[in-house]
1. For TRP10, only one of the following conditions fails: (1) at pLDDT 95 or above; (2) within 30 Å of VAL128 (Cα to Cα). What is its number?
2. Mind listing just one residue for me: the one in region 154-173 that is modelled with pLDDT of 95 or more and over 24 Å from the mean Cα position of the chain (by Cα) and, of those, surrounded by the most Cβ atoms within 10 Å (Cβ to Cβ)?
3. Out of everything in region 94-136 that is at pLDDT below 90 and charged (D, E, K, R), what residue ends up being nearest to the chain's Cα centre (by Cα)?
4. For a quick check of your reading of the model, give me the residue pairs whose first member lies in region 107-127 and is touching a residue at least 60 places away in the same chain (Cβ under 8 Å), whose second is open to solvent by less than 70 Å² (accessible area, probe 1.4 Å) and aliphatic (A, V, I, L, M), with beta-carbon atoms closer than 7 Å and at least 6 apart or on different chains.
5. Let me confirm something: among GLN144, GLN112, which residue is more than 28 Å from ALA27 (Cα to Cα), in contact with a Pro (Cβ under 9 Å, 6 or more places away or on another chain) and polar (S, T, N, Q)?
6. Check ALA72 against each of (1) part of a helix (DSSP H, G or I); (2) closer than 30 Å to ASP157 by Cβ; (3) more than 16 Å from the chain's Cα centre (by Cα); (4) not polar (S, T, N, Q) and name the one condition it does not meet.
7. Restricting attention to region 44-75, and to residues there that are open to solvent by 70 Å² or more (accessible area, probe 1.4 Å) and among the polar types (S, T, N, Q), which single residue is farthest from ALA9 (Cα to Cα)?
8. In region 1-43, what count of residues is obtained for those that are open to solvent by less than 50 Å² (accessible area, probe 1.4 Å), under 26 Å from GLY124 (Cα atoms) and without any contact (Cβ under 8 Å) to a residue 40 or more places away in the chain?
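The values are calculated or read from the model by the stated rules, or taken from the named source; none is laboratory data. Just so it is clear, the structure is predicted and the values come from calculations on it, not from any experiment. Quick reminder, even Gly has a Cβ in these numbers, built from the backbone with ideal geometry, and neighbours come from all protein chains shown. Please note that ligands, DNA and RNA were not included when accessible areas were found on the heavy atoms of the full protein model with its side chains. Shrake-Rupley method; radii C 1.70, N 1.55, O 1.52, S 1.80 Å.
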Amino acid sequence: MPVGRILDAWGIKGGLKVQAYSVDADALFSAKHWYLKSTGPKPGQLLLAVRSVREQGEGIVATAEGVDDRNAAEALRGHEIFIPRSDFPRTPDGEYYWIDLIGLDVVNRESQALGRVIGLIDTGPHAVLRILPPGVEEPAKPDQERLIPFVEAFIDDVSLEAKRITVDWGLDY
């Protein structure tokens, strides 16, 4: 699953300037291998053995085997970084990776189907579930989606095993 992309070279010894797709970039820091995919003029895939990853200012800098100079690093500019879900660090109880929530069915306390999670929005203080209601086809228009704050006041239960989120939310909200 995509967790970031290579923005540019960093330094002259093959450093990679990386943009994480999440505020919490633990998966980038913990993975020993990154799978790279290019969507540019020369599509392709690569496997990088990661040597080091560190925070540098407000960004992330990494080094990898076989990327030993600035030219090699620049050649990877724009590649998306993928990491197998199995390489992600475990989350504490009650916390979830967004990718684990996408695709789950959402029902309310009365077992009424509200739809399926198609994405999340980061508002800063908390995330908001983007729900595609039953009968609405993708791509949905923004006014067709249900938005439910992913906070304890509205989320009763998340069952990854049952692929379901139970919420305190009405059909008419």
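1. (2)
2. Ranking the qualifying residues of region 154-173, first place goes to TRP169.
3. So, considering only residues that are at pLDDT below 90 and charged (D, E, K, R), the one nearest to the chain's Cα centre (by Cα) is ASP100.
4. VAL107/ALA113; VAL107/LEU114; ASN108/LEU114; ASN108/VAL167
5. GLN144
6. Tallying (1) part of a helix (DSSP H, G or I); (2) closer than 30 Å to ASP157 by Cβ; (3) more than 16 Å from the chain's Cα centre (by Cα); (4) not polar (S, T, N, Q), ALA72 fails exactly one: (2).
7. GLN45
8. 1
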